[in-house]
Amino acid sequence: MADEISDQQKTDEAILQQMQDINQNIVDNQPLIAEAATINDALRGEYINNTDSPGFLPGLDYLNEKYARIRRVRGDGNCFYRSMLFAYLENLILRLQPGNEHPIQPALALNEYERMLHIIRRSKDDLVAVGYDEFAVESFYDTFLEFIEKIPTMTTSTLLEQFLEGGEAEYYTWYMRLLTAGYLRKHEERFFPFVDSGLDIDMAGYCRREVEPMGRECEQIHVIALTEYLGLRVAIEYLDGREFDPAVGLGCIEFPQSDEGEQKEGGAAGLCYFVVQLLYRPGHYDILYSSV
């Protein structure tokens, strides 16, 4: 028995070391947020010899026609939260700062910033209301709120600097996870039927296990929860290798998908007026930039 335990321990240690090596390789070779590049430059090399899923290459051609650039995001399980947050803030900054590539819409952009600032300022109270300890979330809340309050003074370059290794970017990413978990817990009756029925836990337990930990991959109900809570419009292109039909293109889903989001109360003014564009490949999200 002792030998069996010892062998099992050795196996577990080997697996843990392998996972640590993989994670370290990701950190060493993938920045949290990369510089933008063309679709072909960024992705074509990964699929050029892929014969098992012939839909990837024509799908890339479709994306290359529709989008000007892609910004790759580290594939560490946090990519949806990081992609969505960075893409939203970059879009907002471009609209707040005159002389950039977007038409100047100062009133709309400022209203959108004030809308988001209001949501973030009240977010700690929302989290405490569903059972989170105020002391446990306060430092993350303060860090993220301070970051958001600086957005009107930032450029896209200074935003990118905020997402470099060694800064506070992972605090921002984790706060997105926390807001997702808080919304799921508040709306447990609506969302829990979509949680794996084999789990003998409630929604709070599910969130502790599947949403709050860094590195846990994002599921569709997490996307729905976060976009609804923040009132963000997010369009996700799905490149999954299935047979490509040029007449149809890739599947694209826009969130929120219903009128149930809290920010829709009182009408469409509760939603962000621009759309954040993301690309989903199996298990991973990156940021897309429209050609228009």
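Here are some notes:
- Any hit, region 79-86, residues being open to solvent by 10 Å² or more (accessible area, probe 1.4 Å) and out of contact with any helix residue (DSSP H, G or I) (no Cβ under 9 Å at 6 or more places or on another chain): no
- Verdict on Arg121 being among the basic types (Lys, Arg), on the phi < 0 side of the Ramachandran plot and within 20 Å of the chain's Cα centre (by Cα): no
- Some residue of region 160-181 being closer than 21 Å to Glu114 by Cα, over 18 Å from the mean Cα position of the chain (by Cα), open to solvent by less than 20 Å² (accessible area, probe 1.4 Å) and among the hydrophobic types (A, V, I, L, M, F, W, C): no
- Residue list for region 120-137, filter: over 20 Å from Leu92 (Cβ atoms) and surrounded by 14 or more Cβ atoms within 10 Å (Cβ to Cβ): Lys124, Asp126, Leu127, Val128, Val130, Tyr132, Val137
- Scanning region 230-247 for residues that are at pLDDT 95 or above and either of a type in the set (Gly, Ala, Ser) or open to solvent by 10 Å² or more (accessible area, probe 1.4 Å) (or both) returns Gly231, Arg233, Ala235, Tyr238.
- Number of residues in region 26-64 that are modelled with pLDDT under 85, assigned to a helix (DSSP H, G or I) and open to solvent by 90 Å² or more (accessible area, probe 1.4 Å) equals 2.
- Just one residue in the set Glu138, Glu90 is among the acidic types (Asp, Glu), assigned to a helix (DSSP H, G or I) and over 20 Å from the mean Cα position of the chain (by Cα); that residue is Glu138.
- Criterion violated by Arg95 - all others in (1) open to solvent by 50 Å² or more (accessible area, probe 1.4 Å); (2) at pLDDT below 95; (3) of a type in the set (D, E, K, R) satisfied: (1)
- Residues satisfying the stated conditions in region 182-213, i.e. open to solvent by 80 Å² or more (accessible area, probe 1.4 Å) and in contact with a helix residue (DSSP H, G or I) (Cβ under 6 Å, 6 or more places away or on another chain): Phe194
- Residues in region 141-151 that are open to solvent by 50 Å² or more (accessible area, probe 1.4 Å) and touching a residue at least 24 places away in the same chain (Cβ under 8 Å): 1 in all.
- Tally of residues being open to solvent by 40 Å² or more (accessible area, probe 1.4 Å), more than 25 Å from Pro106 (Cα to Cα) and at pLDDT below 90 across region 248-287: 3
- Pairs with Cβ under 9 Å, 6+ apart, first in region 156-174 and without any contact (Cβ under 8 Å) to a residue 40 or more places away in the chain, second part of a loop (DSSP other than H, G, I, E, B) and open to solvent by 70 Å² or more (accessible area, probe 1.4 Å): Thr158/Lys150; Gln162/Lys150; Gln162/Glu168
- All positions within region 205-231 that are assigned to a helix (DSSP H, G or I) and farther than 17 Å from Tyr172 by Cβ: Gly205, Tyr206, Cys207, Arg208, Arg209, Glu210, Gln220, Ile221, Val223, Ile224, Ala225, Glu228
The values are calculated or read from the model by the stated rules, or taken from the named source; none is laboratory data. Keep in mind that what you see is a predicted model, and the values were worked out from it rather than measured. Cβ: placed from backbone, ideal geometry, glycine included. Neighbour counts: every protein chain shown. For accessibility, only protein heavy atoms count, side chains too; no ligands or nucleic acids. Shrake-Rupley method; radii C 1.70, N 1.55, O 1.52, S 1.80 Å.
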